[in-house]
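Some notes on the structure that comes next.
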Amino acid sequence: MATIQFSTAVEYAVAPQTAQSCDSVCKDKGLMCTITGHGFQIKSNIQIFHDLDVKCDESESWTDNYIFRDNPVFLRSGCDAKDFCVGFKGVPFRIDCSYGKNKVMYRLCPCVKGVFDPYATVATRHGASTVSHFTIDGNLFLAYSRYRGTSRQASTNSYIFRLEDQNFKLHQTIRTKYFLPSHVRSFNIDGDHYLAIPYAITMHRTSSVVVVSKYDQESQIFQPIQELKDGKAHALSTLFFEIDSAKFLAVTGFKLLEIYKWTQTKFRLIQRLAVGRDYIPECSAFTVERDTFLVCAVWGYYKKSLAFRWTGDRFMMHQQLPIGGYISSAETMHMGNDTFLLFLAKRQRNFGANLFNTKSPIYKFNKETKKLELFDELDTLGASASRPFTIGDDTYIVVTQSAYRNALIFKFQEGKFVKYQEVLAPYSADASFFTYKRIHYIAFATNYFNNSPVFVWA
């Protein structure tokens, strides 16, 4: 069995296509078979097959068709003319690592350590409070913004980076006359790409505006098309979601929870929910059996986080959750047929050495009562955001910790979440998990540094 190291992220073990599975092949090397192709691109294939002295003809090297569902394979022809290659362009998105039947073919097993390793740093200037990812025409972008700023840096811009040649390069700087950009959210409507960014209209943060921008195919940049203004509240975040075929945008912040509906070319305000002086940093939406719920984190030790239910034309109060902490994030997660809500507690009520040492609750949705019930708790340290993700059949949560140098990654095992890995992402405020060309990444936004790290599944 030969091994070819294509990158630090993956090793390809060459093994006969026999009854032995890729799981076994990788395990023999002290690694694990990754269930995605993981970096199997055209150039890497050419090099790997050449290293094996396998001669694939020109037409076969561009095929997207796979005879076997688990790996690229090749058949020795017995002569010097050429060898018959299958799946030369890449591997299927899903790999069955246990598959192995054909005794004639040889296959390439993608093996990884099963952890996130440092991949790159992104020059986020004066630091970043938020990060999100999106793809346009097959290209990957990361959008960063910085919410906090001094009077000198109050008009800090938002930045969009594009992944090119394994590096993140600045693609667009979003400038505006407003102040303190908050969470950049991307969404798609009828094939068009949009961004929504909240700003403070004045330095005193007594009024705000959400600028909606649309991607222009000709100039390849985002251009503003609408401003959603509120003269009495401070917007911090937005959430795009759909109910049936209708499209909505929730705007959240201090004394603010508004629902907008998309009407052909722009958003129209349809509801302003009464939240008093509540500070709502983030909301999440989910649908169970045709019922749609909007769950919002509420900042404040004695405050209760809120769950609303869609009635057909508006949201109504459904449940109040006495979480008991300063909640900074709300995120929906699905596992099998179950729905979970993650709430991140940033700090306790009291001050002192243990101020940021808290427990962040996870709630499970009960389909019979249609209520959220406490399911588990995560030990966190100044948690700012949680982003759930899956790799293969496994479910993970990445938690950013703005009061600690390391971010946490939890894995769901034996009915509960256990700490799986710590990665160096100093005082990170946000994270975004994404899969691009079969490679898994986590991008972090770090508040107090000029660079924000990106990690790769390896």
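Here, each number is a calculation from the coordinates, and none is a lab measurement. Computed from a predicted structure; not experimentally measured. Note that we place each Cβ from the backbone using ideal geometry, even for glycine, and neighbour counts take in every protein chain shown.
Computed from phi, the 3J(HN,Hα) profile of the range 252-268 under the Karplus parametrisation 6.51, -1.76, 1.60 (θ = phi - 60°) reads 10, x, 7, 6, 9, 8, 10, 10, 10, 10, 6, 10, 6, 10, 7, 8, 10 Hz, with x in place of Gly and Pro. Could you tell me whether the range 390-440 comes out rounded, prolate or oblate from its Cα gyration tensor? Rule is a ≥ b ≥ c as square roots of the eigenvalues, rounded for a/c under 1.5, then prolate if a/b exceeds b/c, otherwise oblate. Taking the square roots of the gyration eigenvalues as a ≥ b ≥ c, the range 390-440 is oblate. Distance from the Cα centroid of the range 361-395 to that of the range 230-245 is 23 Å (rounded to whole angstrom). Judged by the mean number of other Cβ atoms found within 10 Å, the most tightly packed of the peptides 223-229, 23-29 leads the ranking 23-29, 223-229.
Look at the alpha carbon pairs under 8 Å that are at least 6 residues apart: their mean separation over the length of the range 117-457 gives a relative contact order of 13 percent.
Shape summary: the range 200-304 maps onto an equivalent ellipsoid whose semi-axes, from the alpha-carbon gyration tensor, are 24, 20, 11 Å in decreasing order. Protection proxy ranking for 387-394, 265-272, 175-182, 125-132, using the average of other Cβ atoms within 10 Å per residue and placing the highest first: 125-132, 175-182, 387-394, 265-272. Once a ≥ b ≥ c are taken as the square roots of the eigenvalues of the Cα gyration tensor of the range 117-457, is the result rounded (a/c under 1.5), prolate (a/b larger than b/c) or oblate (a/b not larger than b/c)? Cα axes put the range 117-457 in the rounded bin.
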